[in-house]
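Visitor: Structure incoming, see below.
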Amino acid sequence: MNLDYNTVRKDQAERLRLIMQEKNGQSEPAYRHEPRIMTISSGKGGVGKTNIAINLAIAFAEVGKKVVVMDADLGLANVNVILGIIPKYNLYHVIKKQKKLREIIVDTQYGIQIIAGASGFSQLANLNEEERAVFVEGLKDLSYADYIIIDTAAGVSQNVLTFLKGADDAIIITTPEPTAITDAYGIIKSITTESNNGPSIKLVVNRVRTVMEGKKVAERVINIAGQFLNVKVNNIGFIFEDSVVQRAVIKQDPFYRSAPNSKAAQSIKHLMTRLANVEYAESGGFGKFLRSVFRGKF
Ligand SMILES: Nc1ncnc2c1ncn2[C@@H]1O[C@H](COP(=O)(O)OP(=O)(O)OP(=O)(O)O)[C@@H](O)[C@H]1O
Ligand SMILES: [Mg+2]
């Protein structure tokens, strides 16, 4: 009883001290700030990862968050293509020490920043120790961000797993197609077997036609994962099938901006709110992420 009271008093005193510090404009940080790392992945390709990564990032930016999208995918529809941007430099230049990571970050008109991937970077496994150290050192430059959203390639290569293992949230995308569902289960299985103290696994069902369809698909994945892998997968929402997505890709203008009232954009908004409100167990934060990238066993 006594202890509880003291703890509460201590908490209150601490909070007050932080508030006073902020009010006085003292420069020392009132609390430790670390980026929340989210990976966007899928088992099957072409299920909407890149579109979700970008539009989700824009949604966060619109509520005042600092967001960096890192392209760890070398597919055709990659981050800069969807945004209609041709970056001069990419991660290859960082690894080859021609540029610092902070120098290759591109500001966009959408309030988000992007980091372009590189073919030389396709496999972290190909990097030698020194190159990997350069990369990790560069990543530290991103500590100002609120969110780092990593668009990974489809499937479960070691490359993808290295990013996933260090993330706070592993957001898995599926569509209602049976093949996509099976592959989503496959990637969840790989994450659980490859990492203890791994990320919080979250599921998004993309391209649903009805709310019921979204719920049913999510339930299926969650039940199978619970039953066979004993892992908790959190359903964080669904995104409607919407022709604005294709149109936005063709126009190279993200739908969250060009069609804010569309069903797809509204779905993204829900997703963003859900993610922002979900507590996430910071199991090691940015430090864990950097260590995972550095020490990833290939
Ligand atoms: N909600 C949606 N409604 C309609 N079409 C969609 C939706 N989401 C994605 N698509 C379609 O799927 C295509 C592929 O999307 P995207 O490039 O984001 O997938 P991806 O998972 O990143 O693919 P890859 O595995 O090749 O990287 C889009 O160009 C669009 O035509
Ligand atoms: Mg993609």
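None of the figures in this text is laboratory data; all of them are computed from the coordinates on show. Remember, predicted model here, so these are calculated numbers, not experimental data. Ideal geometry is used to build each Cβ from the backbone, glycine not excepted, and the neighbour counts take in all protein chains shown.
Visitor: Give me a comma-separated list of calculated 3J(HN,Hα) values for region 174-179, in order, Karplus coefficients 6.51, -1.76, 1.60 applied at θ = phi - 60°, integers in Hz, x for any Gly or Pro.
Guide: 9, 10, x, 4, x, 5
Visitor: Quick one: which residues, 5 or more positions from ASN235 or on another chain, have an amide H under 5 Å from its amide H? H modelled 1.01 Å from N in the peptide plane, none for Pro or chain starts.
Guide: Those qualifying (amide H under 5 Å, at least 5 residues apart or on another chain) are LEU203.
Visitor: If you rank ASP253, ASP168, ASP151, ASP107 by fewest surrounding Cβ atoms within 10 Å, what's the result?
Guide: Ordered by Cβ neighbours within 10 Å, fewest first: ASP107, ASP253, ASP168, ASP151.
Visitor: Still on this structure: Taking neighbour Cβ counts within 10 Å as the exposure measure, how do VAL249, VAL67, VAL278, VAL208 sort from fewest upward?
Guide: Neighbour counts put them in this order, fewest first: VAL278, VAL249, VAL208, VAL67.
Visitor: Modelling each spin label as a point 7 Å along the Cα-to-Cβ direction, I'd like the ASN277/LYS97 distance in nm, to one decimal.
Guide: 5.0
Visitor: Normalising by the residue count of region 34-295, find the relative contact order in percent from Cα pairs under 8 Å and 6+ residues apart.
Guide: 27
Visitor: Given H placed on each backbone N at 1.01 Å, which residues far from ASN206 in sequence or on other chains put an amide H within less than 5 Å of it?
Guide: THR174, THR175, ILE239
Visitor: Here's something else I'd like to know. Residue by residue, what Karplus-based ³J(HN,Hα) values in Hz, rounded to whole numbers, does region 272-277 have, using 6.51, -1.76 and 1.60 with θ = phi - 60° and x for Gly and Pro?
Guide: Along region 272-277, the couplings run 4, 4, 4, 5, 5, 8 Hz.
Visitor: Right, another one. Arranged by the count of other C-beta atoms within 10 angstrom, fewest first, what order do ASP141, ASP242, ASP71 take?
Guide: ASP141, ASP242, ASP71
Visitor: Determine the sum of side-chain charges near ASP151: Lys and Arg each +1, Asp and Glu each -1, restricted to other residues whose C-beta is under 12 angstrom from that of ASP151.
Guide: Charge balance near ASP151 sits at -1.
Visitor: Å³ per residue of the Cα convex hull, for region 30-179?
Guide: Hull volume normalised by residue count: 121 Å³.
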